[in-house]
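Have a look at the structure below before the remarks.
The values are calculated or read from the model by the stated rules, or taken from the named source; none is laboratory data. All figures in this text were calculated on a predicted structure; none of them were measured in a lab. As a convention, Cβ positions derive from the backbone with ideal geometry for all residues, glycine included, and neighbour counts pool all protein chains shown.
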Amino acid sequence: MSRIADRGERRRPAAQSRRAGKARRDIGIGSKGGANGSDAWMEATGKIAHRGPRGRPRPASAVLARPEGLAVTVMGLGLFGGGVGAASYFARRGAHVTVTDLKQAEALAPSLEALEGLDITFHLGGHRPADFTEADLVVVSPAVPKTSPYLAMAAEAGVPVTSEMNLFVALCPAPLVGVTGSSGKSTTTALLGEMLARFRPTRVGGNIGKSLLDEVHEIGPDETVVLELSSFQLEDLAAIERSPHVAVVTCISPNHLDRHGTMAAYVAAKKNILRFQGREDVAILNADDAEVRTWDAQTRGRAVFYSVKEALDDGAFLKGTELVLRLGGTEERVDLAGRVRLRGRHNLANVLAAATAARWLGAPLEAIASAVEAFRPLAHRLQVIGRVGDVLFVDDSKATTPESARAGMEAFDRGVVLIAGGYDKHVDPEVLLKAIRTGTRAVVLMGATAEALARALEGNGPPVERAKDMDDAVRRAARLAKAGDVVLLSPGHASWDMFENYEHRGDAFRRAAEALGLEAMAAENEREVGSSGLAGTI
């Protein structure tokens, strides 16, 4: 059964688990369809990690295909699925699993509930050196800084370190489609998954919030796997030198500079989605993005572009309400009139990206069109949550960059009262400030960056108010709004200064609006509030 360890409780000694697995370590046990033998181990952990600095040999194939008896530490349980997926995968296959996280149990309740009943030891509220120095393997969350002293301890002890995504990529026998970008990747991933699922078995996972690792031995080579990949996950993939067979890139703008340090390092991590592609692979690239349009030289495979701004001789673009696909010397068209439920021109680019990848993979045009028509905004992504009187309330909490917040403001042709601000990722706010000056009636600021944003807007922008929390922010925004306006939560920042994550922030926004008498809207009425050539007009 799952248990949270007391201070004096210790796991099974790693040396004992090593003795239990000794007979298996050098046997090439093939994973289903994946790399086998020590090659699989090398792929999952990276070539450098196969032997520690002391030259001590590490377990080979057993840790992937049959890891029973091994001591596995999962560092960073989190709430987005990767930690749960890794812990479940190894626990269900007989490994001695310890999960360690700096957060206490209360903050991790959904993930702990998902692991209930499995034989796992939990060390929460802090880390213990022995969990890193006496393990056979450490599976680390991509959110953990590479400078963590505990990872240094593992390296010094010769313990290999890998990630949930690296393990999955090494083991998965199905073709992989990866989607990344500074924004738009979740919507593109989900929509692409819907298009592909209409004609072949398809699974969707990754940074979108679902780990597929525990399902990997159920996946067949006739399926397609669509993965949303963050810059953190892609940074780790360099260790195994693997890129998806189909790589989709939505856009690139400054993000996570608090982690990557420089824009160049952030871009380098993102480029791993196509850096290791083969000649039979393809990269689907946004021709309208100044950075991404240069990435065709980064892949050994074929580059296919898409654009919402211009016609392309080879690629995908819009002509009126038609999606035009020029791939492989043929031209095909899909009429999108009345079918797109997503708001904002940026979302039209996401539709193009998904459609281009889907058609490249063989999806019929009918499947693409029907998926577009059935698709609704994902939670917290320009999601209309209802009205208070004649004022519309929209949750765009996932807008965690200045560029994504700007796109949210541009998605409406009515007065916008914006709720913005949050955790400082060391990104230049000028894009956000300019959008606020030109695209809002008023702005309510909250979080760690509120004071700096308010100073920048003083005397050079719309009316500004400061809020102490989300309830206060929503009350102020509702008071500032006029009939027909939109109260838009599109923060332009991460949520970690005041909330667990963007979902927690979006839920707080909804609760605050409900306290003011929020009324839900019928789906057919939601379409009429969009602009920018999308919902209600195309």
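The set of residues in region 474-500 that are at pLDDT below 95 and farther than 15 Å from A420 by Cα contains only E500.
Going through region 483-505 one residue at a time, which ones are hydrophobic (A, V, I, L, M, F, W, C) and either without any contact (Cβ under 8 Å) to a residue 60 or more places away in the chain or more than 18 Å from I208 (Cβ to Cβ) (or both)? I'd like the intermediate steps shown before the answer.
Going residue by residue through region 483-505, those that are hydrophobic (A, V, I, L, M, F, W, C) are 483, 486-489, 494, 496, 498-499.
Matches in region 483-505: A483, V486, V487, L488, L489, W496, M498, F499.
Inside region 476-492, can you point out the residues that are farther than 17 Å from G439 by Cβ and surrounded by 16 or more Cβ atoms within 10 Å (Cβ to Cβ)?
As a first pass, look at region 476-492 and keep what is farther than 17 Å from G439 by Cβ: 476, 478-479, 483.
Within region 476-492, R476, A478 meet the criteria.
Number of residues in region 63-92 that are surrounded by fewer than 24 Cβ atoms within 10 Å (Cβ to Cβ) and either under 11 Å from V138 (Cα atoms) or within 27 Å of the chain's Cα centre (by Cα) (or both) equals 9.
Quick one: in region 250-277, of everything that is assigned to a loop (DSSP other than H, G, I, E, B), hydroxyl-bearing (S, T, Y) and closer than 16 Å to L229 by Cα, which residue is modelled with the highest pLDDT?
Once the filter is applied, the top-ranked residue is T250.
If you go through region 205-224 one residue at a time, how many are closer than 28 Å to P145 by Cβ and crowded, with 21+ Cβ neighbours inside 10 Å?
8
Are any residues in region 496-515 out of contact with any strand residue (DSSP E or B) (no Cβ under 7 Å at 6 or more places or on another chain) and among the aromatic types (F, W, Y), and if so, which ones? Before you say what the answer is, go through the steps one by one.
The initial filter retains those residues of region 496-515 that are out of contact with any strand residue (DSSP E or B) (no Cβ under 7 Å at 6 or more places or on another chain), namely 498-505, 507-508, 511-512, 514-515.
Correct list: F499, Y502.
Taking the criterion of being under 20 Å from the mean Cα position of the chain (by Cα), at positive phi and either at pLDDT 95 or above or assigned to a loop (DSSP other than H, G, I, E, B) (or both), would at least one residue in region 358-373 satisfy it? No, the conditions are met nowhere in region 358-373.
Can you tell me which residue among L118, L167, L108 is out of contact with any His (no Cβ under 8 Å at 6 or more places or on another chain), among the hydrophobic types (A, V, I, L, M, F, W, C), under 17 Å from A87 (Cα atoms) and in a loop (DSSP other than H, G, I, E, B)?
Working: L167 fails: in a loop (DSSP other than H, G, I, E, B); L108 fails: in a loop (DSSP other than H, G, I, E, B).
Answer to the selection: L118.
Among residues of region 110-121 that are closer than 15 Å to E500 by Cβ, those with a beta-carbon under 8 Å from a residue that is at pLDDT below 95 and not acidic (D, E) at least six positions away or on a different chain give the pairs P110/L79; S111/G78; S111/L79; L112/S2.
State whether one or more residues within region 183-203 are in a strand (DSSP E or B) and either at pLDDT 95 or above or polar (S, T, N, Q) (or both).
Initial filter on region 183-203 (in a strand (DSSP E or B)): 202-203.
So of that shortlist, the ones also either at pLDDT 95 or above or polar (S, T, N, Q) (or both) come out as 202-203.
Yes: region 183-203 contains one or more residues that are in a strand (DSSP E or B) and either at pLDDT 95 or above or polar (S, T, N, Q) (or both).
Is it true that A407 is modelled with pLDDT under 95, surrounded by 23 or more Cβ atoms within 10 Å (Cβ to Cβ) and not in a loop (DSSP other than H, G, I, E, B)? Against the criterion (modelled with pLDDT under 95, surrounded by 23 or more Cβ atoms within 10 Å (Cβ to Cβ) and not in a loop (DSSP other than H, G, I, E, B)), A407 qualifies. Counting the residues of region 412-424 that are assigned to a loop (DSSP other than H, G, I, E, B), buried (at least 20 other Cβ atoms within 10 Å of the Cβ) and in contact with a Leu (Cβ under 9 Å, 6 or more places away or on another chain) gives 2. For region 465-480, the set of residues classified as assigned to a helix (DSSP H, G or I) and either among the basic types (K, R) or in contact with a His (Cβ under 6 Å, 6 or more places away or on another chain) (or both) consists of R475, R476, R479, listed by residue number.
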